[in-house]
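I have placed the structure first, in the form of structure tokens, so that the comments after it can refer back to it.
The values are calculated or read from the model by the stated rules, or taken from the named source; none is laboratory data. The shown structure was predicted, so the numbers you read here are calculated from the model rather than taken from an experiment. Every residue, glycine as well, gets a Cβ built from its backbone with ideal geometry; the counts of neighbours run over all protein chains shown.
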Amino acid sequence: MPTDQHFDIIIIGTGAGGGTLARALSTTEKRILILERGEYLPREKENWDSATVVGKGHYKAHESWLDKTGREFHPSIHYWVGGNTKVYGSALIRFRKQDFGEIKHYGGTSLAWPISYEELEPYYLAAERLYRVHGLRGSDPTEPPSSGPFPHPAVSHEPAMQELFDGMTALGHRPFPMPLGIHLNEADREASTCVRCNTCDGFPCLVDGKSDAHVVGVRPALQNPQVTLLTGALVKRLLTNEAGTKVERVVVERANQLEHYSADIVVVAAGAVNSAALLLRSANDRHPNGLANGSGMVGRNYMAHQNSGMVCLSSRQNPTVFQKTMGLNDFYFGAADSELPLGHISMLGKLDGNALKAGAPGFVPLGMLNCMARHSFDFWLTSEDLADPENRVTLEPSGQIRVSYTPNNVEAHTRLVHKLKEMVGRLLPLGLKLDKRMPLEATAHQCGTLRFGNDPRQSVLNRDCRAHELDNLYVADASIFPSSAAVNPGLTIMANALRVADRIGAALSTPVNARALA
Ligand SMILES: Cc1cc2nc3c(=O)[nH]c(=O)nc-3n(C[C@H](O)[C@H](O)[C@H](O)COP(=O)(O)OP(=O)(O)OC[C@H]3O[C@@H](n4cnc5c(N)ncnc54)[C@H](O)[C@@H]3O)c2cc1C
Ligand code: SF4
């Protein structure tokens, strides 16, 4: 492809934000260039091999970042067409209505969003349709109001999960079917792409049954001949005009060559850490601290949730294959003994011996771990991470990324872990509970580094997710989050990307109507 080409829109990154945005904008006649540093994830038997995927981290990026002390770590990040959604668990749940306002937490107060839940709601509905979300309205007591049903019925529980679900209900809890974006047809299994396997959460889907941003976003977008995707295209810098008011050139490294592209509108959607790093790398005379960084907020307020995995070993066997069918939000806004929010509980994909090996002493044989896995019920706990300007992404003189982070709101998470331990202690015989707090390496839920807001002194982007300081620079990934809430981020990123598509359409006088997309 000849370089120095001009497009109407350039989108950088193809994950939950970029892939969804590309899909929405591809309904126009605009010439769109999508730049993705990764390649297509190979479809191979190893996609579903836990020793390869979990044990060897086969599909993770071979990259190391620094923590605040200068220690190197390998982030759990995936550079492919589809970004991190290629391996996500496709739990696609809306933020609660209250998450868009200020909420008092043990660790401080979360920030209000510049848009209300009501403004995002039609886009949530469109994202649920686009990503084929299965769920049951009204089953989650903290669920925000919705203008339509889930497009697909809730995924059924396997017997051991149903027993757990019934047990929780008998204790007075209100578990609900977890909203999941998979191409599953339980009424007609012959017509179902998804086969309900045990290698979904953390694995690529060999049969394209998972609603990831490649299958749902990029692939259909490329049906439009006006849309071009370049893979292996690492965006190095954004160059501005002399006044610093407009991105004029996108500098790309591809096959060890530098190439330049330009567009009327440039959208950054490289994931929260890489989007911030790109703006910092693009510092120039007009933007000496990084592009669009007059507020000093670029890279700050990194959040990734307080997350724990909990393995509950029971004398009862757990033969569940597809385990991620249940969620519990009873402690989302607090508990009888807590006026402040604790968080969200859901199931992990079913763990096996290779997955348990990651947290076990090296001398424990795989056979024993596999046996343990047959008796384990595997939970995922999430509490809100609060925006702290000192938790931030910076660049070393070498260009290497540093993520300085100190966990906050830890009391909420500790209490949540305790609540779950108490509950499973009453539900599962024996019930040995092993919980593990996710370390900095677990960057899966990264967000917040280019937050949007009404005050240019406190935020990088305006309410349209356009940079306060540049006329043609937009952001459409997890970095825009002013707060992290305590549920999975994916659906909110997708819904907001659809909203941003409409705002870009308006800026180009080309109606998109992303709310009608399905
Ligand atoms: C194992 C795992 C399980 C998860 N499970 C869930 C779940 O069940 N539910 C949920 O909601 N979320 C889940 N997540 C999180 C979810 O995947 C992310 O929140 C989401 O993908 C983030 O979207 P994004 O657009 O911000 O970034 P990404 O999806 O990370 O996309 C960024 C893209 O930009 C590309 N890129 C980066 N830098 C550059 C550059 N300089 N030039 C060009 N391209 C670049 C990357 O290759 C990537 O394709 C999970 C994540 C992981 C890792
Ligand atoms: S459970 Fe379904 S969507 Fe997930 S990896 Fe297996 S076949 Fe794919």
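Consider the range 315-338 and keep the residues that are aliphatic (A, V, I, L, M) and closer than 29 Å to Gln98 by Cβ. The one that is farthest from ligand 1 (Cβ to nearest atom) is Ala336. Checked against (1) more than 20 Å from His468 (Cα to Cα); (2) crowded, with 17+ Cβ neighbours inside 10 Å; (3) among the aliphatic types (A, V, I, L, M), Ala292 passes all but a single condition, namely (1).
Residue check: Gln98 meets all listed conditions (1) of a type outside the set (A, V, I, L, M, F, W, C); (2) touching a Ser or Thr at 6+ places or on another chain (Cβ under 9 Å); (3) surrounded by fewer than 18 Cβ atoms within 10 Å (Cβ to Cβ); (4) closer than 22 Å to Ala269 by Cβ but one, namely (4).
What's the total number of residues in the range 352-383 that are assigned to a loop (DSSP other than H, G, I, E, B) and touching a Leu at 6+ places or on another chain (Cβ under 9 Å)? Step through it out loud before you land on a result.
First pass over the range 352-383, keeping only residues assigned to a loop (DSSP other than H, G, I, E, B): 352, 358-365, 375.
Filter again for touching a Leu at 6+ places or on another chain (Cβ under 9 Å), leaving 352, 359-360, 364, 375.
Matching residues across the range 352-383 total 5.
Considering the range 460-469, and only residues there that are crowded, with 22+ Cβ neighbours inside 10 Å and in a loop (DSSP other than H, G, I, E, B), the residue that is nearest to ligand 2 (Cβ to nearest atom) turns out to be Cys465. Out of curiosity, is Asp188 under 22 Å from Ser50 (Cβ atoms), modelled with pLDDT of 95 or more and charged (D, E, K, R)? Considered against the rule, which asks whether it is under 22 Å from Ser50 (Cβ atoms), modelled with pLDDT of 95 or more and charged (D, E, K, R), Asp188 comes out as no. A single member of Ala501, Ala518 is assigned to a helix (DSSP H, G or I), farther than 23 Å from Ser308 by Cβ and of a type in the set (A, V, I, L, M, F, W, C), and it is Ala501. Among the numbered conditions (1) more than 14 Å from ligand 1 (Cβ to nearest atom); (2) in contact (Cβ under 8 Å) with a residue 60 or more places away in the chain; (3) touching a strand residue (DSSP E or B) at 6+ places or on another chain (Cβ under 8 Å), the only one that Glu248 does not meet is (2). Glu390 meets the conditions (1) touching a Lys or Arg at 6+ places or on another chain (Cβ under 6 Å); (2) closer than 27 Å to Leu340 by Cα; (3) not in a strand (DSSP E or B) in every case but one. The failed one is (1). Under the condition of being away from ligand 2 (no atom under 16 Å from the Cβ), touching a helix residue (DSSP H, G or I) at 6+ places or on another chain (Cβ under 6 Å) and part of a loop (DSSP other than H, G, I, E, B), the residues counted in the range 52-92 number 1. As for the range 160-181, it holds at least one residue that is closer than 30 Å to Thr28 by Cβ and within 16 Å of ligand 1 (Cβ to nearest atom). Filtered by the rule that a residue be assigned to a helix (DSSP H, G or I) and within 12 Å of ligand 1 (Cβ to nearest atom), the range 202-215 gives Ala213, His214.
When restricted to residues that are touching a residue at least 12 places away in the same chain (Cβ under 8 Å) and more than 10 Å from ligand 1 (Cβ to nearest atom), the range 188-201 contains 8. Quick check, is Pro145 over 30 Å from Lys30 (Cα atoms), surrounded by fewer than 21 Cβ atoms within 10 Å (Cβ to Cβ) and more than 9 Å from ligand 2 (Cβ to nearest atom)? In short, yes.
Restricting to the range 306-349, give me the number of residues that are touching a residue at least 24 places away in the same chain (Cβ under 8 Å) and either in a loop (DSSP other than H, G, I, E, B) or acidic (Asp, Glu) (or both). So the count comes out to 23. When the residues of the range 222-232 are filtered to those that are among the hydrophobic types (A, V, I, L, M, F, W, C) and within 14 Å of ligand 1 (Cβ to nearest atom), the one that is farthest from Ala154 (Cα to Cα) is Leu230. Being among the charged types (D, E, K, R), crowded, with 24+ Cβ neighbours inside 10 Å and closer than 24 Å to Leu25 by Cβ is a condition met by at least one residue of the range 470-481. Scanning the range 251-295 for residues that are free of Cβ contacts under 8 Å to residues at least 24 places away in the same chain and assigned to a loop (DSSP other than H, G, I, E, B) yields a count of 6. Residues in the range 36-48 include none that are within 9 Å of ligand 1 (Cβ to nearest atom), of a type in the set (Ser, Thr, Tyr) and farther than 26 Å from Val403 by Cα.
Consider Val87 carefully, then state whether it is buried (at least 16 other Cβ atoms within 10 Å of the Cβ), β-branched (Val, Ile, Thr), under 17 Å from the mean Cα position of the chain (by Cα) and farther than 27 Å from Gly343 by Cα. Lay out the reasoning, then the answer.
Numbers: buried (at least 16 other Cβ atoms within 10 Å of the Cβ): yes; β-branched (Val, Ile, Thr): yes; under 17 Å from the mean Cα position of the chain (by Cα): yes; farther than 27 Å from Gly343 by Cα: no.
For Val87, the condition - buried (at least 16 other Cβ atoms within 10 Å of the Cβ), β-branched (Val, Ile, Thr), under 17 Å from the mean Cα position of the chain (by Cα) and farther than 27 Å from Gly343 by Cα - is not met.
In the range 293-339, of all residues being hydrophobic (A, V, I, L, M, F, W, C) and touching a strand residue (DSSP E or B) at 6+ places or on another chain (Cβ under 6 Å), the one that is nearest to ligand 2 (Cβ to nearest atom) corresponds to Met326.
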